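Each remark here refers to the structure printed beneath this line.
The values are calculated or read from the model by the stated rules, or taken from the named source; none is laboratory data. All figures in this text were calculated on a predicted structure; none of them were measured in a lab. For neighbour counting, all protein chains shown are included, and Cβ atoms are generated from backbone atoms with ideal geometry for every residue, glycine included.
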Amino acid sequence: MARYFDRFPIVDYDGDIAKNILARVDFTEKTKRDIYSTFEFTLEEGFERPDLLSYNYYGSSKFDWMIYLTNNIVDPYYDYYKSSEDFNSYIATKYGSNSNARSITLFYRLNWHEDERTITIQQYEALVADETANARKYWKPKLTNTGAVIGYERIKEDWTVSTNKVLSLSLTVSPSGFAVGDRVTQTSTEAYATVDYIDLENNTLTVKHVNGTFTVNEAEGIKEITLISQNIPEAETEYWYAVNAYDDEQETNELKRNVFVLKSSYLAETEKQFIQQLSL
């Protein structure tokens, strides 16, 4: 990566001479329009590093910067795919541990990937469908070649909601010991949720990502519970799952596994264009 900055212009930064790493270059319009100038490549475990990819394809590791440029990567340490080792190190640095990352709920998503059931017409008609909930919206007809309905299967949609429900917990003591993002747990019911807002004046906690059922129990410090919003009705909870920070980070990283590589026949001309743009 150091070679990427070799030809960057020199600037005077508060009296110090430094490389202008904020300078940006891009492919020419001709290269951009040429759909045959790049090909898609899937990074394999153990060979993810761009210098290794550069060496294996271009015959030299010095063109790792071309991998970044081709994929419009600004920050190679965060925007590029992370190996298993780098990913675990990143999680440990950001969240403290894998278990901590898995304990943090970010949002909710439909779980159709894990549900391969086909229900009968009678089962579908028995599903709740009123003003409080509509479980039928998670299913679609399964048809024969002639168009006859023989059952229902899950819709394959990646719907998401920010949280399942929001509660206000009125406490018998000050919530000053809590911070936004903390987990609050009721021992007797094993219910838990994430603190979203703290009202010290009224001794209340607003919580989201509720798992289980909180109950009024002054011995445990809860004197009143108010439902603020219910994004996922109780009759529909089986169709959703909580996405935690670890899984979300892993999914985001996996989306980076496929990269575009500039074909070697375009390399010399593109490097020349790169040098010319920086000289301007």
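Odds and ends about this structure:
- Check on Glu249, under 23 Å from the mean Cα position of the chain (by Cα) and at pLDDT 95 or above: yes
- Filtered by the rule that a residue be within 12 Å of Arg257 (Cα to Cα) and touching a residue at least 40 places away in the same chain (Cβ under 8 Å), the range 65-90 gives Asn71, Asp79, Tyr80, Tyr81, Lys82.
- Residue among Val173, Val161, Val184 that alone is within 30 Å of Glu220 (Cβ to Cβ) and surrounded by 14 or more Cβ atoms within 10 Å (Cβ to Cβ): Val184
- The lone exception for Lys32 - which of (1) touching a Phe, Trp or Tyr at 6+ places or on another chain (Cβ under 7 Å); (2) modelled with pLDDT under 85; (3) assigned to a helix (DSSP H, G or I) it fails: (1)
- As a summary of the residue check, Ile91 satisfies the conditions (1) touching a strand residue (DSSP E or B) at 6+ places or on another chain (Cβ under 8 Å); (2) modelled with pLDDT of 95 or more except for the one numbered (1).
- Selection count, the range 88-108, where residues are assigned to a helix (DSSP H, G or I) and in contact with a Phe, Trp or Tyr (Cβ under 9 Å, 6 or more places away or on another chain): 8
- Of everything in the range 128-179 that is in a loop (DSSP other than H, G, I, E, B) and touching a Leu at 6+ places or on another chain (Cβ under 7 Å), the residue that is farthest from Gly212 (Cα to Cα) is Glu157.
- Selected residue (criterion: nearest to Gln122 (Cα to Cα)) from residues of the range 146-158 that are within 24 Å of the chain's Cα centre (by Cα) and either loosely packed, with under 13 Cβ neighbours inside 10 Å or basic (Lys, Arg) (or both): Arg154
- Filter result for Ala193 (within 30 Å of Glu131 (Cα to Cα), free of Cβ contacts under 8 Å to residues at least 40 places away in the same chain and hydrophobic (A, V, I, L, M, F, W, C)): yes
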